[in-house]
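S.K.: The following block contains the structure, expressed as structure tokens.
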């Protein structure tokens with residue numbers, strides 16, 4: 001409680017309580033999964049998604065539209081976004097991507113003609129998490 005009273009904005013007590021409850025309900029593995037998920041969603045670290053398992057990503061983004069795409073050589077960000085249903089038409093897609101409103105695996109992408117690179121735009125588990133704006137997520141499963 002001393003940490004909490006000295007710096008209440010850090011929410012130390014709430015974090016400790018959440019950690020203990022998660023450990024009690026879900027066990028050590030559940031707590032580690034919660035830490036990875038929290039780091040990925042709120043830590044602003046794109047590489048944190050790569051640490052998550054396929055199952056964890058699918059559970060976190062279960063309400064997001066999901067699609068399977070065949071990775072073809074030379075696939076661009078624009079092509080992927082249109083095939084995944086992120087945008088209604090190419091004009092809107094280009095405008096939003098160039099304005100900085102499109103993210104791949106939590107990293108902003110400004111170039112619609114950028115070619116997708118496995119490892120950077122496609123996670124090692126064969127998934128890509130795309131986001132339009134602040135809250136519109138799309139899960140892409142790559143067939144290779």
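S.K.: How big is the shadow of the Cα convex hull of the stretch 64-144, averaged over all directions, in nm²? Don't jump to the answer; show the numbers that get you there.
M.R.: Details: hull surface 18.2 nm².
Over all viewing directions, the stretch 64-144 projects a mean Cα-hull area of 4.6 nm².
S.K.: Kindly put 142, 5 in sequence by how many other C-beta atoms sit within 10 Å of each C-beta, fewest to most. It would help to have the intermediate numbers written out before the result.
M.R.: Working: 142 19, 5 9.
Listing 142, 5 from fewest to most nearby Cβ atoms yields 5, 142.
S.K.: Further, regarding this structure: Can you tell me the relative contact order of the stretch 64-144? Whole percent, Cα pairs under 8 Å, sequence separation 6 or more.
M.R.: Working: 137 pairs, mean separation 31.1, N = 81.
Normalised by residue count, the contact order of the stretch 64-144 is 38 percent.
S.K.: Further question: Report D for the chain in µm² per second (integer): Stokes-Einstein, Kirkwood Rh on Cα pairs, 10 °C, 1.306 mPa s.
M.R.: Values: Rh = 16.7 Å.
Rounded, D is 95 µm²/s.
S.K.: Calculate the FRET efficiency for residue 6 and residue 136 from the Cβ-Cβ distance with a Förster distance of 30 Å, rounded to the nearest 0.05. Before the final figure, lay out each step's value.
M.R.: Values: r = 39 Å, r/R0 = 1.31.
According to the calculation, E is roughly 0.15.
No value in this document is a laboratory result; all are computed from the given coordinates. Treat the numbers as computed from the prediction; the structure is a model and nothing was measured. Don't worry about glycine lacking a Cβ; one is built from the backbone with ideal geometry, like all the others, and counts go over all protein chains shown.
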